[in-house]
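Laboratory data are not the source of any read-out in this text; all were calculated from the coordinates shown. What you are looking at is a predicted structure, and each value in this text was computed from that prediction instead of being measured. Cβ sites come from the backbone with ideal geometry, for glycine too, and all protein chains shown count toward neighbours.
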Amino acid sequence: MIAGWFLVATSLAYLSLLFAIAYWADRRADAGRSVIANPYIYALSIGVYATAWTFYGSVGRAASTGLGFLPVYIGPTLMFVLGWIVLLKMIRISKVHRITTIADFISSRYGKSHLLGGLVTIMAVIGMVPYIALQLKAVSTSFNVLLHYPHVTAEGPSGFAVIGDTALWVAILMAAFAILFGTRHIDATEHHEGMVAAIAFESVVKLIAFLSVGLFVTYGMFDGFGDLFSRAAEVPEMRELMTTAALDADWLALTFLSMTAIICLTRQFQVIVVENVHERHLIKAMWLLPLYLLLINIFVLPIAFGGLLRFPDGSVDADTFVLALPMAEQYPGLALFAFIGGLSAATGMVIVATVAISTMICNDLVMPGLLRFAWLHLSERRDLSGLLLNIRRGAIGLILLLGYLYFLLIGEAYALVAIGLVSFAAAAQWAPALIIGMYWKTASRRGALAGISAGFLIWTYTLLLPSFARSGYLPEGFIEFGPFGIELLKPYALFGLEGLNSISHSLFWSLLANVGLYVGVSLLDRQSTIERLQATLFVDVFRQGGADTATMYGTVSATDLRDVAERFLGREHTEEAFAEYARLRGRALDLNANADGDLVQFVERRLAGAIGAASARVMIGSTVKGEGVSVDAIMQILDETSQVLKYSRQLEQKSWELELATSELKAANKRLTELDHLKDDFLSTVTHELRTPLTSIRSFSEILHDTPDLDVAERQHFLSIVIRESERLTRLINQVLDLTKIETGRMDWQMSDVDVRDVINHAVTALKQLFDEKGIGLEVNLPADLPPVRGDRDQLIQLAINLLSNAEKFCPEGKGRVVVDLAPGNRFLTVSIADNGPGIPEDQQQLIFEKFHQVRGGNTGNPMGSGLGLAICRGIVEHLGGRIWVRSRPGHGATFYFTVPFAHS
Amino acid sequence: MAKSILVVEDEPNIVLSLQFLMKQAGFEVRVARDGEEALREVEDKAPDLILLDVMIPKRDGYDVCQTIRANPDWREIYIIMLTAKGRDVDRDKGLSLGANDYVTKPFSTRDLTEKVKHILSGAG
């Protein structure tokens, strides 16, 4: 038990330290030496994610579900490690558009919609108030534990008023802090240096405090992890907690929920996006934040087990183990430190959340209202910056008041974690519009409105209303039997979906409706021009190099713009801003001249930083005189740009195609020329080959005709020459026709299964007489068993005859020898025809298969071939899918080989 | 003394017919079956007239013609190119290389004989 006054004094002293740190950081920032422009401070400030809920509630959750506390930390880790590119885009967009809050972000993305900004703000308030209440509850409970230990049970014997008053005081102090350090500047995009420094410090304090208790429990009360866990394992209920039984669908749902929470929770958006000083800090935070979360979770299970072992009777609420254990062991100093840690966690969260939400309330709820309904009144006032600040201050007070009231009226019903998750689930409803909207241009305002509204309604019905029911503000039967007893509408088992916990259940239905409507409505919807404009600017933010051509209006003088800015930013800030503008552009501003689009845009961005994008747009729009360039015109320009881009891409494509076509054409032309030459050569050669026998025929015919007194033997000789040359001519003509048919594919192939032995026999029979006349020995080796080949029988016979007669032609008369062999292979049959003629020089062995290529002997007296025989052979073999070649050593004969595929290979 | 003719041709039957025709006309006939043999024959004893086929082995008719024309001693040899190729380019090529006349196969034996007789009688 710790004396009340001492506790209060310590708390106040700690809070004073926070004030001092914040004050010091603000002073340093004013002097231009920022302490928060540092990745470690940045990562620590994101540690505001770990609230009092983490500090006390994780232990409570671990004590009842074992590993069930983990998803809340795995989610952010996954988001930072895997989803950092999404975060980076979010940060870039926010910097370019001077986004101040998540409501501003969503409103801005969907055409600077007031309605969306307002909706998101209302949701934020409704979703965040229970969470703030939770922090207040945590602080007052912990206060109570220290004050009254050991007379503390889950319910607590102390009077309601005491707790209530503690919470009230805490709330007031936090409000003071938030107002002092969260509303110093009117331009919300300027960093809250003091606040960020203070919460980074708090992150350190709560981490050390929690680690201290963890070390104390693990090594002070027990002999390390091993001892603690083995003793815990002896208790059956605790052994249960060490299994992975908690890793079910709910567990995954919570992990997913936490992934969205780390960016959607208003305070997280504030520290990650708005307070980000350099994009590169995110890269360090990618591993620093997961490390922080890991450290703060290491001792959750040990403390939970330690508590369960120490208080086996369940007399102490597991949510208070962090305090109760040191107290029970008579270490009030450590307990006090733990209390300070918890206080840190709570204040950090409350301060950032209230600053963020107050900005939202001011920019997205109050300002639009004031602009709409009290424009005349506002225009009379010279300087509105003070008003804006006061609205924000009021909003901070209001939120904390609401949190306090919620805590008083409802907060007792729930365990800490449950309230936290209800808040998470509300924030998760923004995730589709937020994340998908950064990548999908078609997503429309109405789609976002429909999705978010539906998700929010279902969240209200399945989580918020039941929480009222549990606290007795609605009949209990609402949860048990559904409204009016309609079972299908039971809030925890909507449409009969059971078996999930209430959070997963709500998340399933709300996100299903949310994403479904968001995508569906967007697809059916037609975007307005401003929506298309903003969608393009958001989705393509990395392509625009930080600037865009978004704003262009008609005529407005620079002075008028300055007046507008002054009203909202204050004289001092406005002058600074205009000076900065002049410095950036490198020229003095002529205040009497008409403002160009650049300046208009600059001022609109500055205003957006103060009053939100939507309101800034209205303000600027109403200041500009005359017709102005409409958004349609801008969109048109953007469209034209994109069309020009598209057109130039098409041109590129076309010119590439043209190039391709040209080169193809060139190739074709070349080929045609070649073919033409070939045809020319072919014709010339054919002519030559035809004229040669014709010359002999004509000459001898004329000689026979003109020389009647020729002796009989000579006459006979000349006549036989005429006959032989005529035959040669006929053969030649046939071969030319055959070759042409083969080459042009007009040959009529009669494909069938053919026995090659039969083919060889046929050819041999046809040439038998010729061989015998020349005294050439013919040896034909046919295997007894041979599968059929696939081919054209007549053509194969022609092939065999050509090769055999070729062999015959080159064999020496009298001692010639020709050998035919068949060698069946795996898929092909190889036929070889060997002669013992003069052979073929190596350099000719390829060429002989070309048309009209002849190995001219000139000594045999025989008419040489036409030069077409082997070309035809090759044509036949290749058509049948085989190969033909020759092997020869000059002086040692030549062997021709060809292959044909077997019919069933 | 009989005029001499060199027949340069690789087709045996055409050689036979030309030999018959020229001998019948009273000329002395020698035969060469390729370009190298033709040049050897010319070197051996320059003929009065050469019937020179273009498509012959080893050194073709153009080559032989050019070689003969390169030697001033052989300027008087009358060269008639014989070819189965009937294109204008082939004829022009032959004439530009120094052939005196050009006959396309198949030829009229009567015309060829008359032509040769005329040339050799005029020259002699």
Check your understanding: Across peptide B:19-32, what mean number of C-beta atoms from other chains lies inside 10 Å of a residue's C-beta?
Key -> 1
Revision key, fill the gap. For region A:534-539, Karplus-derived ³J(HN,Hα) couplings (6.51, -1.76, 1.60; θ = phi - 60°; whole Hz; x for glycine and proline) come out as 5, 4, 4, 5, 6, 5
Practice item. Could you size up the charge dipole of region B:4-123 around its Cα centre, putting +1 on the beta carbon of Lys and Arg and -1 on that of Asp and Glu, and report it in debye to the nearest 20? Key: 240
Exercise for review: Taking the Cα centre of region A:4-427 as origin, work out the dipole magnitude from +1 charges on Lys and Arg Cβ and -1 charges on Asp and Glu Cβ, in debye rounded to 20.
Suggested key: 1500
Study note, to complete from the structure: By the C-alpha gyration tensor axes a ≥ b ≥ c (rounded if a/c is under 1.5, else prolate when a/b exceeds b/c, else oblate), the shape of region A:750-901 is prolate
Check your understanding: Which whole-number percent gives the relative contact order of region A:4-427, counting Cα pairs below 8 Å spaced six or more residues apart?
Key -> 38
Exercise for review: Rank B:Y78, B:A99, B:P57 by how far each Cα sits towards the positive end of the charge dipole of region B:57-103 (+1 on Lys, Arg Cβ; -1 on Asp, Glu Cβ) and give me just the farthest.
Suggested key: B:P57
Study note, to complete from the structure: Here the FRET efficiency for A:D680 versus B:K58, based on Cβ atoms and R0 = 22 Å and rounded to 0.05, is 0.30
Point to revise | Order of A:H278, A:H114, A:H904 under a 10 Å beta carbon neighbour criterion, fewest first | key: A:H904, A:H278, A:H114
Check your understanding: Relative to the Cα centre, what is the charge dipole magnitude of region A:750-901, using +1 at the beta carbon of each Lys and Arg, -1 at the beta carbon of each Asp and Glu, and rounding to the nearest 20 debye?
Key -> 280
Exercise for review: Please turn the phi angles of region B:100-111 into ³J(HN,Hα) values with the Karplus equation 6.51 cos²θ - 1.76 cosθ + 1.60 (θ = phi - 60°), one per residue in order, whole Hz, x for glycine and proline.
Suggested key: 8, 8, 8, 10, 8, 7, x, 10, 7, 4, 5, 4
Review point. Taking 0.36 nm per residue of separation and subtracting the Cα-Cα distance, what length does fully extending A:W656 through A:W5 add?
Key: 226.0 nm
**Study point:** Hypothetical label at A:S720: residues of region A:770-785 whose amide nitrogen lies under 19 Å (7 Å Cα-Cβ projection)
**Key:** A:770-776
Review point. Can you give the average number of partner chain beta-carbon atoms within 10 Å of each beta-carbon in peptide A:749-757, as a whole number?
Key: 0
Exercise for review: Over all alpha-carbon pairs in region A:702-775, figure out the percentage whose distance exceeds 14 Å.
Suggested key: 79
Study note, to complete from the structure: With the dipole of region A:4-427 defined by +1 on each Lys or Arg Cβ and -1 on each Asp or Glu Cβ, the option from A:I106, A:M123, A:I262 whose Cα lies farthest towards the positive pole is A:I106
Revision key, fill the gap. A student asked for the Cα radius of gyration and Dmax of region A:4-427 in angstrom ought to give 21.3, 76
Study note, to complete from the structure: Under the helix-only model (-39500 (n - 2.57) for each DSSP H run of 4 or more, divided by the residues of chain B), the mean residue ellipticity at 222 nm, to 500 deg cm²/dmol, is -14000 deg cm²/dmol
Revision key, fill the gap. Going fewest to most other Cβ atoms within 10 Å around each Cβ, B:C65, A:C362, A:C264 line up as A:C264, B:C65, A:C362
Check your understanding: What is region A:200-292 by shape, rounded, prolate or oblate, if you read a ≥ b ≥ c off the alpha carbon gyration tensor as root eigenvalues and call it rounded for a/c under 1.5, prolate for a/b larger than b/c, and oblate otherwise?
Key -> oblate
Exercise for review: Starting from the Cα of A:E576, step 7 Å along the direction of its Cβ; do the same at B:D44; then give the gap between the two resulting points in nm.
Suggested key: 11.8
Review point. Under a 5 Å amide H to amide H cut-off, with H placed in plane at 1.01 Å, what residues pair with B:L82 once short-range neighbours are removed?
Key: B:L52, B:D53, B:V54, B:V103
Point to revise | Within 10 Å of each Cβ in A:705-715, the average number of Cβ atoms from other chains | key: 1
Check your understanding: Which aspartates and glutamates does A:K137 reach when only Cα atoms under 15 Å apart count, and residues fewer than 8 places away in its own chain are ignored?
Key -> A:E155, A:D165, A:D317, A:D319, A:E412
Practice item. Under 27 Å Cα to Cα from A:K815, which lysines show up? Leave out anything in the same chain fewer than 8 places away. Key: A:K768, A:K774
**Study point:** Amide H partners (placed H, <5 Å) of A:G837, local residues excluded
**Key:** A:G893, A:A894
Exercise for review: Assuming R0 = 22 Å, can you tell me the calculated FRET efficiency for the pair A:L786 and A:M751, based on Cβ-Cβ distance, to the nearest 0.05?
Suggested key: 0.75
**Study point:** Within region B:4-123, percent of DSSP bridges classed antiparallel, to nearest 5
**Key:** 0
**Study point:** Links that overshoot a 22 Å alpha carbon limit, given the list B:K58/B:K115; B:K45/B:K117; B:K23/B:K45; B:K23/B:K85; B:K45/B:K105; A:K284/A:K441
**Key:** B:K58/B:K115; B:K23/B:K85; B:K45/B:K105; A:K284/A:K441
Revision key, fill the gap. For chain B, the Debye formula with one identical point scatterer on each Cα and no solvent gives log10 I(q)/I(0) at q = 0.12, 0.13, 0.17, 0.18 Å⁻¹ as -0.37, -0.44, -0.79, -0.90
Point to revise | trypsin sites (Lys or Arg not before Pro) lying in DSSP loop within region A:191-295, provided at most 12 other Cβ fall within 10 Å | key: none
**Study point:** Relative exposure of A:T260, A:T460, judged by other C-beta atoms within 10 Å (fewest first)
**Key:** A:T460, A:T260
